[in-house]
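Working notes, structure below.
Where a number appears in this text, it was derived from the coordinates with a stated rule and is not lab data. Just so it is clear, the model here is predicted, and its values are computed rather than measured. Virtual Cβ from ideal backbone geometry, glycine too; neighbours counted across all protein chains shown.
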Amino acid sequence: MEPGKLLEALAVAERLKCETRHCYTSSGRHESVAEHSWMMTLIAFFIKDEFPEADMDKVTRMCIIHDLGEAFTGDIPTFAKTEDNENAEERMLGEWVSALPDPCRCEMTALYAEMSKRESVEARIYKAIDSLEALIQHNISDLSTWIPMEYELNKTYADDKVSFSDYLTSLREEIRKDTLKKLGE
């Protein structure tokens, strides 16, 4: 990528360092979208050997780019995001990606399409990691930062996203145990 175009793209992506999420860190401050994406990428790295059939480099790329649309719309928690929110984010992200030079434009377009369909093992792994990271972060954060609905949500969220994998199902169970311990149950 030509240096000037790279700097333009990074200026947009940098917004994710400033855009906060609903989750909190262990120190009590709001987590940034960039931090969420980084933790997802680290999870993908740590579990790569569990999925010899998958292109885990592709999963890592999915984790890195998955929330770039929030540079335009901000973060809206899953439980509050509407179809209109999703459509607006997809439209603005699509406009930005279409202005990127090749080969980045083509690769990102293909990755977003694959992620949206969730048919490939890589897309299913990425989506499971996305959901599990939020649960892990909630368990790491102080219980006082949770909203009432999260007491139940942290017990059940992502079960559907991990069901295709014995390993991810096992990881989900460990996260659930941490949740129950945190809740004193």
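How large is the helix-only mean residue ellipticity at 222 nm for the chain, computed as the sum of -39500 (n - 2.57) over DSSP H runs with n ≥ 4, divided by its residue count, in deg cm²/dmol to the nearest 500? It would help to have the intermediate numbers written out before the result.
Details: 11 runs with 123 residues, N = 185.
Helix contribution divided over all residues of the chain: -20000 deg cm²/dmol.
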* So how far, in whole Å, is the C-alpha centre of the stretch 15-59 from the one of the stretch 139-185? -> 16
* Asked: Nearest 10 degrees, 0 to 90: what angle lies between the long axis of helix 121-140 and the longest principal axis of the chain (Cα atoms)?
  -> 50
* Which whole-Hz ³J(HN,Hα) couplings does the stretch 49-66 yield from phi under the Karplus relation 6.51 cos²θ - 1.76 cosθ + 1.60, θ = phi - 60°, glycine and proline marked x? -> 6, 6, 10, x, 7, 9, 8, 6, 5, 5, 4, 4, 4, 4, 4, 5, 9, 4
* Asked: With springs only between Cα atoms under 10 Å, which of A11, A123, A54 fluctuates most in a Gaussian network model of the chain?
  -> A11
* Structure fact -> Taking a ≥ b ≥ c as the square roots of the eigenvalues of the Cα gyration tensor, with a/c under 1.5 meaning rounded and otherwise prolate when a/b exceeds b/c and oblate if not, the stretch 1-69 is oblate
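Decide, for the stretch 1-132, between rounded, prolate and oblate: order the square roots of the alpha carbon gyration tensor eigenvalues as a ≥ b ≥ c, take rounded if a/c falls under 1.5, and otherwise choose prolate if a/b is larger than b/c, else oblate. Walk me through the intermediate numbers first.
Working: a/c = 1.34, a/b = 1.03, b/c = 1.30.
Cα axes put the stretch 1-132 in the rounded bin.
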* Would you mind listing how long the stretch 111-152 runs along its three principal axes, going by Cα atoms, in whole Å with the largest first? => 38, 17, 15
* Asked: Nearest 10 degrees, 0 to 90: what angle lies between the long axis of helix 83-98 and the longest principal axis of the chain (Cα atoms)?
  -> 40
* **Modelled FRET efficiency - R0 22 Å, T78 with E2, Cβ distances, 0.05 increments** => 0.05
* **Amide proton proximity set for C23, modelled H, under 5 Å, gap of 5+** => E31
* Asked: Roughly how tilted is helix 166-183, in degrees to the nearest 10 and between 0 and 90, from the longest Cα axis of the chain?
  -> 60
